[in-house]
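One structure is given here, and the rest of the page talks about it.
What follows is calculated from the coordinates using simple rules that are stated; it is not laboratory data. Everything quoted here is computed from the prediction, not taken from an experiment. Here Cβ is always computed from backbone atoms with ideal geometry, including for glycine, and neighbour counts include all displayed protein chains.
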Amino acid sequence: MNTKPNYQTWIRMNKLLIFLCLSLLLLLGTLFPIPVYLRVLSGVLSLPFLYIAFILSYSIYQFSAFGGNYQSRIHDLIVSKVDGGAEKILDIGTGSGSLIIKLAKHFPSSTLTGIDYWGENWEYSKVQCEQNAEIEGVSNRIHFLKASASKLPFQDAAFDVVVSCLTFHEVKDSTDKTAVIKEALRCLKPGGDFVFMDLFQDEKTFGDVNELIASLMKDGVSDIESYTLAEYIPMPSILLNKKVLGHGMIISGRK
Ligand SMILES: C[S@@+](CC[C@H](N)C(=O)[O-])C[C@H]1O[C@@H](n2cnc3c(N)ncnc32)[C@H](O)[C@@H]1O
């Protein structure tokens, strides 16, 4: 068994490979014995693919521990927003378990549940989460479960704290992302805290963020705080690209 935990970044390696291969193929096209205009076309067409491959590689570097460590720093920020004394914690879209394991270490008397759909287009898995928790010495307090965020297999008010990081926008089995957020809040006990990080400023996915917050308040959620990621963590401008974390925002509050 591995002795080091494996927390992958939010960027899928297969996506990077696809863009790298396409760029290389198109660049190779410029060397083929074909008419010049086709070689020029091939070179021009390679540029957007090269640009995307560059953004993806740079983001992997900055998110990972060997680069800027931004992924871990964002998880630390979420942990810092969770009130002390948390007993039962739910992490929705737990990925490779990085956030939930940090929470387990920070709250030694807590019991935690991490759910994820672990779909085929993601490179995380339940086994990987369990191995990471084992290596980090917290596996006895964390339960990992395959489920969709759109229909959580828990009773109402089952958790003291609910967190989620960069997951709601990924939920494909519900077009109504506000409903997915409300499904998360359904599992939170009255008086419990939530901390959600996602691309909440992306209107195409979440609609107007002020309307989203107003809708949550109408449902009885209080003490809402919302802030852009950039307000808390200064980041390189490429990470603040709208296609990366430019729309990133944390919404926290109490039910
Ligand atoms: C960008 S990753 C974030 C992972 C983790 N929260 C983190 O911060 O490292 C998005 C996660 O959402 C999960 N996901 C996608 N659709 C989901 C769904 N319907 N229900 C639960 N999780 C889902 C993916 O499997 C993936 O682990």
Three-way shape call for the stretch 1-140 based on the alpha-carbon gyration tensor, with the a/c threshold at 1.5: prolate
The chain, helix-only ellipticity at 222 nm - DSSP H runs n ≥ 4, -39,500 (n - 2.57), divided by all residues, nearest 500: -12500 deg cm²/dmol
Global form of the stretch 50-93, assessed from the alpha-carbon gyration tensor, a/c cut-off 1.5: prolate
Whole-percent pair-distance distribution, where bins are 5 Å wide, for the alpha carbons of the stretch 13-63: 5, 24, 25, 18, 12, 8, 5, 2, 0
Pairwise label distance in nanometres, Glu130 with Thr228, each label 7 Å out on the Cα-Cβ vector: 4.3
Normalised contact order of the stretch 125-255, rounded percent, pairs of Cα under 8 Å and 6 or more residues apart: 24
Nearest-ten-degree value, helix 13-29 long axis tilted from longest Cα axis of the chain: 10
Fraction of beta bridges assigned by DSSP in the chain that are antiparallel (%, nearest 5): 40
Neighbour cut-off at most 16 other Cβ (10 Å), DSSP loop, GluC sites (Glu not before Pro), the stretch 195-255: none
Listed residues Thr113, Ser59, Leu38: farthest to the positive end of the dipole of the stretch 36-151 (Cβ charges): Leu38
Extension gain (nm, one decimal) between Phe32 and Leu145, 0.36 nm per residue minus Cα-Cα: 35.6 nm
Alpha-carbon centroids, the stretch 192-255 and the stretch 24-68: separation in whole Å: 33
Helix 209-218 axis, angle to the chain major axis (alpha carbon atoms, nearest 10°): 20
Anisotropy class of the stretch 70-254 from Cα gyration tensor, a/c 1.5 cut: rounded
Long pairs among Lys151/Lys189; Lys15/Lys182; Lys81/Lys182; Lys172/Lys242, criterion Cα-Cα beyond 25 Å: Lys15/Lys182
